[in-house]
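Below you'll find the structure, written out as structure tokens, and then a few comments.
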Amino acid sequence: MTAAADGFTHFPKRPPYLAPLHPVPPVDYDYRYTIDDVEGSGVATDRWERRQGGHVRGGYTLLEPDGRVRFVDYETDGATGGFKAVVRHATPAVKLLSTQQLYRSLAIHGDPLVNKMARRG
């Protein structure tokens, strides 16, 4: 560090960037998990992500308190440094069923997740 005639303090130049001695291998991974614990914690979600080098794609879904399902898909590319996320919402389909169809469906599939959440709140 030196003081110059212009009144500014000048720092010595830094040496150029040196590459690591050992090359860093590319990072690749792939995972997915689901949590369906409506009765216990109220959480219902599905998440996944895949990375190949600097490129990452992933997404998740979750059940909103109002019964809608949120879908989030995201992608990033390490080369450009960009990040893009797309958020969508969907309302579970409601179809008019006869009483017999409704009871048969409930016997096979149980109570819908949205109904379980509504009764907890």
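Brief remarks follow.
- Sequence-ordered 3J(HN,Hα) estimates for the stretch 60-75 from the Karplus curve with 6.51, -1.76 and 1.60 and θ = phi - 60° stand at 8, 10, 8, 8, 6, x, 8, x, 6, 10, 9, 10, 10, 10, 9, 8 Hz, glycine and proline given as x.
- Going from the residue with the fewest nearby Cβ atoms within 10 Å to the one with the most, GLU64, GLU49, GLU39 rank GLU39, GLU64, GLU49.
- Annotation: amide H-H contacts under 5 Å for HIS55 (H modelled 1.01 Å from N, sequence separation of 5 or more, or interchain): GLY78.
Read-outs throughout are calculated quantities, based only on the coordinates presented, and are distinct from any laboratory measurement. Quick caveat, the model's predicted, so the values are computed rather than measured. Cβ coordinates were reconstructed from backbone atoms using ideal geometry, including for glycine residues, and neighbour counts include every protein chain displayed.
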